[in-house]
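The values are calculated or read from the model by the stated rules, or taken from the named source; none is laboratory data. Being a predicted model, the structure only gives us computed values, none of them experimental. Note that each Cβ is placed from the backbone with ideal geometry, even for glycine, and that neighbours are counted across all protein chains shown.
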Amino acid sequence: MEGGRRKGHDGAVETTEDGHFVVIEGRRWRATDPAIPEDEAARLRRALMAARRDVGAALRAGEDTAPARARVQAAKVALGERGTPWWEQTLDQRRERWEQGLRDLA
């Protein structure tokens, strides 16, 4: 069976049939929780990218990367890409996860 395609922030990406994973260059990655409203998912992605930039800046400066890496983890969990799989959570649990992430990353 084949997966589908869905629109990502940079174009169409291949997904597994169940929608749980995206496939990039032959490798499966957990998909963002599709129940997250787009505006909130965009805020979480912006926080994720800022945290990733901060990891790089800390590495270049020879500083501790732990605070920035913790923000990367928080954003990935909020997006449903790490932690308890979103498809194993109720809609209320999923909403609490991303709303908590938005609060933590604000």
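Overview of results
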read-out	value
Those residues of the stretch 58-71 which are surrounded by 12 or more Cβ atoms within 10 Å (Cβ to Cβ), in a helix (DSSP H, G or I) and of a type in the set (D, E, K, R), in sequence order	Arg69, Arg71
Which listed residue, of Val55, Val77, is surrounded by 15 or more Cβ atoms within 10 Å (Cβ to Cβ), within 21 Å of Arg95 (Cα to Cα) and not small (Gly, Ala, Ser)	Val77
Within the stretch 24-43, tally of residues that are of a type outside the set (D, E, K, R), over 12 Å from the mean Cα position of the chain (by Cα) and at pLDDT 95 or above	2
Conditions (1) modelled with pLDDT under 95; (2) part of a helix (DSSP H, G or I); number of the one not met by Arg46	(1)
